2 protein chains.
Amino acid sequence: MKASIITIGTEILIGQIVDTNSAYLGEKLGEAGVTIVSRFSVSDQKDDMFKALERAQNDADLVILTGGLGPTKDDITKKVLAEYFGRGMYFDAKQYDRLKEFFKRINRPTTKAHEEQCFFPQNTIFMENAMGTAPGMLFHFGDTQFISMPGVPYEMKYIVENHVIPFIEKQRNEFLYHYTIQTAGCGESVLAEKIEDIETNLENHLSIAYLPSLGKVRIRVSGHGTKEEQLQADVDRTVNQIIERVSKYVFGENTDSLQSILGELLKEQQCTIGCAESCTGGLISNLITSVSGSSAYYQGSIISYSNRLKKELLGVKEEILDEYGAVSHQVVTQMVKGCIDKLGTDYAIAVSGIAGPTGGTPEKPVGTIYIGVGNKDDVSVKKLQLTKNRSKNIEYTAYAALNFMRLFIQGKLSDT
Amino acid sequence: MKASIITIGTEILIGQIVDTNSAYLGEKLGEAGVTIVSRFSVSDQKDDMFKALERAQNDADLVILTGGLGPTKDDITKKVLAEYFGRGMYFDAKQYDRLKEFFKRINRPTTKAHEEQCFFPQNTIFMENAMGTAPGMLFHFGDTQFISMPGVPYEMKYIVENHVIPFIEKQRNEFLYHYTIQTAGCGESVLAEKIEDIETNLENHLSIAYLPSLGKVRIRVSGHGTKEEQLQADVDRTVNQIIERVSKYVFGENTDSLQSILGELLKEQQCTIGCAESCTGGLISNLITSVSGSSAYYQGSIISYSNRLKKELLGVKEEILDEYGAVSHQVVTQMVKGCIDKLGTDYAIAVSGIAGPTGGTPEKPVGTIYIGVGNKDDVSVKKLQLTKNRSKNIEYTAYAALNFMRLFIQGKLSDT
């Protein structure tokens, strides 16, 4: 199946919004076996949208639109689609009831604009949106299928995962099977070199893709074929070969994250954790608590941004701060110990560093970061020297700290 | 001037790379008075590129291409352009000398691939690239101008700033002007209703767009015209009308964020801040510290996820926890006071709530959140009832808390 993506909204064209929806759609549809043949961004003007619709229909079997479904005047996607299909608009009482109920639940009044939001092109097939007010819409027009979704990323993602992917899967006549190996602590090109022979010798119906993100690389093994069981066995065999080769970097599979895997380990051991964060400013704690049920093992954190709070809340000694500076092996060691002591947890993660863009010195340039992990008996410290901008340095450090803690708990620190 | 953007590269279509170049180009060209009328992403296949070139030429006076200029086999932009223009390729000795010098300077040998990189379409006008090996190229073809640049963001940006913008400024005969009003605490549709008459009565050369994100809406006023000063005055007049109407929701302009505005306020008052976070798990602190220089006012935070730590670290009373529960007006009030007391800050933000998906009760369903803000004299508490998923509830709460603190410091809480 060939698909074309149209993102609607002047804010995308003029660069006020970075179009992350298209990247998400490209990846998800690709995984479902759909080839993206073209992508368009257009303003919220009727003529521009018509042109894009014609071009997309010319290119593809499936046209995916995002944006322009809100309640304001610049949201004209539905009207333009109705006109493009040569259909009228109708008021959908069921959708209106749903909307009224939604606003009742959050104690807000329904406005005239909301009523107007319940007009739809004739023959709309709805795709429920549990995250917002505008439903996804499916239209059959000629030989082409059109799916229109809101542009708000989490609403769009809900509809894609719950409706668009199942809709695509029903239509294909070949099985697709993916398995993703989650790795951390090794770059894409080094990983690729380590498994080069496995990739070279792959059978034709199998493929390997590298999906790098900050500090992590996902290795996705994909296969397509008509026999489901055989296909799974082929993919699994390749996955096992790869895991064996790069095992020290593998922390999980498919949708696992470093924070979910760390949580699993702590639950298994019935142990608790806390953090003492400085330059990461709460991001490590935020990642740990992004896992539902994390209250079973996560107790809390002390974010000691100022040196005063490093002393007052974590018991870091003044003379150590004076002698070695806040960004040092010695201080993060004391932060780990102070955290375990003050929070009464089994494990602790501590971080101190210079995220930038200011604050660097010749001895400790921007990007100098110390990470400490430990329990009451033992503390391990690691130094990073990062080169990115402030937000990327902070994000990279947070993931590196989670991975360092995981390796410590698993007793694998000596492997790396 | 109308422009169309083509980004070339299969990695963009399949979502392996988020296309930030287009957003940058949209913003920069828009500022230079160019209207972006369409945007295309295509694979690095000749047929797809031809189709995109035809479409872009049909739409615009200026076609901007990025990508496909590197030394590897999938980099075919120059060959495709030469064929599209019906021109041959020639070897440019001057560019080759430049390349040899470049590699000499970084102590690397020149390879055969680099020599091949010095073939260009006939009649190329060069735009120097001080950041890399592939120069920008300008072509006149029919009534349309084509500019082709490398896809590496910092190389592309160098060429845009130093050559493309000056080139455009020489040619333009119309100005474009945008002004963005940043609001928080009011939904898109209610805002639109409040300023409906302003929007209805707008002159033809002006327009209003709503750009919603979680808990915030940006209102962008745009205008185009031939007289720069008159145009700015027209846009500014509309902006002032809108700000007057919805002033209680306005927190800033253009690229301001809630955390940067909060930081400005604290710096003005020479005051400090800290947080006591529970369900937000560090996100509020993370947002505050995302601002470079935040150490001037941000001291630190206590993340008291467990009730034990609410008592031990913040001094929340056991009997209050027992009587009202951790998610209550009373407990966040004590958290604010405890935070100011333990961290020694002038202001504090505290949050306690049920982010979901589990942990709800009939009296306090998932999405029940209390936010407290205050100083040593006064504490204000607000209850939210959210309806989204865990991560969105946490994110919404963090921004609502920053906004609530801003209003408290500005003495504007009674307005809302």
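Taking the range B:23-68 on its own, how many of its residues are at the interface with another protein chain (Cβ under 8 Å from one of its Cβ atoms) and touching a His at 6+ places or on another chain (Cβ under 8 Å)?
Initially, the range B:23-68 is screened for residues at the interface with another protein chain (Cβ under 8 Å from one of its Cβ atoms), giving B:23-28, B:30, B:36-43, B:48, B:51-52, B:55, B:59.
Next, only the ones that are touching a His at 6+ places or on another chain (Cβ under 8 Å) stay: B:30.
Residues that pass the stated criteria total 1.
Looking at A:I243, A:I288, which is the one that is closer than 26 Å to A:Q182 by Cα, at pLDDT 95 or above and more than 8 Å from chain B (Cβ to nearest Cβ)?
A:I243
Somewhere in the range A:343-355, is a residue within 14 Å of chain B (Cβ to nearest Cβ), closer than 19 Å to B:L313 by Cβ, in a helix (DSSP H, G or I) and in contact with a helix residue (DSSP H, G or I) (Cβ under 8 Å, 6 or more places away or on another chain)?
Within the range A:343-355, one or more residues are within 14 Å of chain B (Cβ to nearest Cβ), closer than 19 Å to B:L313 by Cβ, in a helix (DSSP H, G or I) and in contact with a helix residue (DSSP H, G or I) (Cβ under 8 Å, 6 or more places away or on another chain).
Which one is nearest to B:L407 (Cα to Cα), of the residues in the range B:167-179 that are assigned to a helix (DSSP H, G or I) and out of contact with any strand residue (DSSP E or B) (no Cβ under 8 Å at 6 or more places or on another chain)? Give the steps one after another, and end with the answer.
At the first step, the residues of the range B:167-179 found to be assigned to a helix (DSSP H, G or I) are B:167-171.
So of that shortlist, the ones also out of contact with any strand residue (DSSP E or B) (no Cβ under 8 Å at 6 or more places or on another chain) come out as B:169-171.
Values: B:E169: 42, B:K170: 46, B:Q171: 46 Å.
Looking at residues that are assigned to a helix (DSSP H, G or I) and out of contact with any strand residue (DSSP E or B) (no Cβ under 8 Å at 6 or more places or on another chain), I get B:E169.
Considering (1) more than 10 Å from chain A (Cβ to nearest Cβ); (2) surrounded by fewer than 23 Cβ atoms within 10 Å (Cβ to Cβ); (3) in a loop (DSSP other than H, G, I, E, B), say which one B:Q16 fails and leave the rest.
(1)
Hand me the list of helices (runs of 4 or more DSSP H) wholly inside the range B:282-337 holding 2 or more residues that are touching an Asp or Glu at 6+ places or on another chain (Cβ under 8 Å) and closer than 15 Å to B:V373 by Cβ. Reasoning before the result, please.
Numbers: elements: B:283-289, B:307-314, B:318-324.
It comes to B:283-289.
Would you pick out the residues in the range A:200-217 that are surrounded by fewer than 17 Cβ atoms within 10 Å (Cβ to Cβ) and either at pLDDT 90 or above or away from chain B (no Cβ under 14 Å) (or both)?
A:T200, A:N201, A:L202, A:E203, A:N204, A:H205 - these are the residues of the range A:200-217 that are surrounded by fewer than 17 Cβ atoms within 10 Å (Cβ to Cβ) and either at pLDDT 90 or above or away from chain B (no Cβ under 14 Å) (or both).
Quick check: anything in the range B:294-301 loosely packed, with under 15 Cβ neighbours inside 10 Å, more than 8 Å from chain A (Cβ to nearest Cβ) and at pLDDT 95 or above? Don't jump to the end; show me each part of the working.
Step one: list which residues in the range B:294-301 are loosely packed, with under 15 Cβ neighbours inside 10 Å, which gives B:296.
Imposing the further condition that a residue be more than 8 Å from chain A (Cβ to nearest Cβ) reduces the set to B:296.
With the extra rule that they be at pLDDT 95 or above, the set shrinks to B:296.
Yes, the range B:294-301 contains at least one residue that is loosely packed, with under 15 Cβ neighbours inside 10 Å, more than 8 Å from chain A (Cβ to nearest Cβ) and at pLDDT 95 or above.
Quick check, is A:D74 not in a loop (DSSP other than H, G, I, E, B) and not small (G, A, S)?
Working: not in a loop (DSSP other than H, G, I, E, B): no; not small (G, A, S): yes.
Criteria not met by A:D74.
Out of the residues in the range A:302-322 meeting the condition of being polar (S, T, N, Q) and at the interface with chain B (Cβ under 8 Å from one of its Cβ atoms), tell me which one is surrounded by the fewest Cβ atoms within 10 Å (Cβ to Cβ). Lay out the reasoning, then the answer.
Narrowing the range A:302-322 to residues polar (S, T, N, Q): A:304, A:306-307.
If we keep only those that are at the interface with chain B (Cβ under 8 Å from one of its Cβ atoms) too, we end up with A:304, A:306.
Numbers: A:S304: 28, A:S306: 21.
Among those that are polar (S, T, N, Q) and at the interface with chain B (Cβ under 8 Å from one of its Cβ atoms), it is A:S306.
Please work out which residue is surrounded by the most Cβ atoms within 10 Å (Cβ to Cβ), limiting yourself to the range A:368-377 and to residues that are more than 13 Å from A:A398 (Cα to Cα) and touching a residue at least 24 places away in the same chain (Cβ under 8 Å). Quick ask: steps written out before the conclusion?
To start, the set of residues in the range A:368-377 that are more than 13 Å from A:A398 (Cα to Cα) comprises A:368, A:374-377.
Filter once more, so that each one left must be touching a residue at least 24 places away in the same chain (Cβ under 8 Å): A:368, A:374-376.
Working: A:T368: 24, A:G374: 21, A:N375: 16, A:K376: 13.
Checking each candidate, the answer is A:T368.
Report, by residue number, each residue of the range A:180-225 that is part of a strand (DSSP E or B), in contact with a Ser or Thr (Cβ under 7 Å, 6 or more places away or on another chain) and over 14 Å from A:V239 (Cα atoms).
Passing the criteria: A:K216, A:V217.
Going residue by residue through the range B:334-341, is there one that turns out to be modelled with pLDDT of 95 or more, of a type outside the set (S, T, N, Q), over 23 Å from A:K342 (Cβ atoms) and touching a Cys at 6+ places or on another chain (Cβ under 8 Å)? Before you say what the answer is, go through the steps one by one.
Looking only at the range B:334-341, we keep the residues that are modelled with pLDDT of 95 or more, and these are B:334-341.
Restricting the remaining residues to those that are of a type outside the set (S, T, N, Q) gives B:335-341.
This time we only want the ones that are over 23 Å from A:K342 (Cβ atoms), so: none.
No - not one qualifying residue is present in the range B:334-341.
The values are calculated or read from the model by the stated rules, or taken from the named source; none is laboratory data. Treat the numbers as computed from the prediction; the structure is a model and nothing was measured. Glycine gets a Cβ as well: all are built from the backbone with ideal geometry, and neighbour counts include every protein chain shown.
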